[in-house]
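A short write-up of the structure that comes next.
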Amino acid sequence: MKVTKENYWQNHTQIRQDITSANYLPNIFTDNAWQLLDSEAEPSVDWEDWDDDDFSKQREVISQLIAEINKFYDEQGASDHPRSTKGAPKEHPKNTPEEKPKEEPKKTAPKKEEPKGEKPKEKPAPTQGKAVESLTPEVDIIQRYIRIHGKSRDSAVSYARSLLKRLQTMISTRIIRKTSKYAHEMLTIQEQLLRVLNVKNLDRVEIENIKHYEEIAATEYVSSVTTWIKTFISRFEHRRPEVARTRKFLAKAPNVPELQDAKHALDDYINNRTERVQLTEQQLNGLRGII
C-alpha cells in the first residue's frame, strides 16, 4: 500500500518508527516537516483548505516528505509498506472433517511460593509529565537530542549540526544559562554533538546515560490547548473551511476560557452569521501569546 496524504494518519506511528529505526534520515525529515505532516493529516483537519496559493510551500514540503516515505519503503521492498488492518477480514484456519484439531491438555504454570514474612515488591508507578504551553528550552533540546541515539553517524550529521546551532544560539543569547537546572546536561550535549560532527570514523551515535535523558524528556509535553490553537491559526484564520469538518474541530476544543473567542468565531461561521472564520487582531495576538 502506497502512503498518501489521505492514509498517512492511519499508519503514522508505524511509519515514523520504521524510518527512525532504520537510521533513514534524509534532510527532508526535519522536526518541522514531521509536525507539518502530522498536523495536516490529523482527521479533524481539511486538506482542501491548502489548495490556495498561500500554502504552496507547505504543500511542496508535504509532497516531498510523502515521496521520501514511499522511496524508503520501495528500497526496503514492497512487502515492507505499512499495511492498514482496519476492516480487514479475520482469517480462520479451515478444519476438514477427516482432520480434527487435537486438543492439547492445558498446562498450568506452577505457583511461585513467596518467602514467608516478605511482601512482594511493588513496581514503581510510571511518572507522568507536566502539560505545558511550550517546552522549557532545556527539555526541548533534550527531547531533540535523544532522537539521534542509535543512529549511524552519516545519517545523524545534518540533524546534529542543526541541533548544535540551536543549542549554541540559546546559550549565547542567555536563554540557557549557567545557573540552569540542566546546565551540566547542556554542556555534555554540546560536547557530544561536536564529537558526532568531528569524529568521522564514528560508526554509530550512542548516548551515554540515555535513561537519564529520557527521564528528563518525559517531564514535559505540549498541552492540548497549544496544539488546538496552532491548528486554529494555521487552518481557520480568515478562511472558508468546509463546515462539517469545522464543526468536528470545534467539538474537540478544550474547555478553557482562553479559547472562547476562537470557539465563538467558529460557531458564527458554522451558523452562517459570518462569511469567514474571523477574529480581531487583538484576539489573534492573544492566542499567539499562549503558544
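For segment 205-291, the square roots a ≥ b ≥ c of the C-alpha gyration tensor eigenvalues yield an a/c of 1.5 or more together with a/b exceeding b/c, which makes the shape prolate. For Glu220, the residues whose amide H sits under 5 Å from its own are Lys130, ignoring neighbours fewer than 5 places away on the same chain, with H placed 1.01 Å from N. Average accessible surface for segment 130-285: 58 Å² per residue, computed with a 1.4 Å probe over protein heavy atoms with every protein chain in place. Surface composition of segment 182-290: carbon and sulfur make up 48 percent of the accessible area, probe 1.4 Å. Across the cross-link table entries Lys181/Lys252; Lys181/Lys211; Lys130/Lys178; Lys2/Lys252; Lys71/Lys211, which are compared at the Cα atoms, the separations over 28 Å belong to Lys181/Lys252; Lys2/Lys252; Lys71/Lys211. Ordered from largest to smallest accessible area (heavy atoms of protein chains, 1.4 Å probe), the residues Asp140, Asp74, Asp154 come out as Asp154, Asp74, Asp140.
Full extension of the chain between Leu187 and Asn271 yields a length gain of 24.8 nm, computed as 0.36 nm times the residue separation minus the alpha carbon distance. Length gained on full extension, Gln260 to Glu242, computed as 0.36 nm times the residue gap minus the Cα-Cα distance: 4.4 nm. Rounded to the nearest angstrom and listed largest first, the equivalent-ellipsoid semi-axes of segment 242-283 from its Cα gyration tensor are 16, 14, 7. Peptides 185-198, 245-258 ranked from most to least packed, by the mean per-residue count of other Cβ atoms within 10 Å: 185-198, 245-258. Taking the accessible area of segment 133-172, probe 1.4 Å, and keeping the other protein chains in place, the carbon and sulfur fraction comes to 48%. Values of log10 I(q)/I(0) for segment 138-291 across q = 0.10, 0.11 Å⁻¹ run -0.56, -0.63, by the Debye formula with one identical scatterer at each alpha carbon and no solvent.
The values are calculated or read from the model by the stated rules, or taken from the named source; none is laboratory data. Predicted model, so just to flag it, every value in this text is computed and none were measured. Backbone-built Cβ (ideal geometry, glycine too); neighbour counts: all protein chains shown. SASA here: full protein model, heavy atoms, side chains in, ligands and nucleic acids out. Shrake-Rupley method; radii C 1.70, N 1.55, O 1.52, S 1.80 Å.
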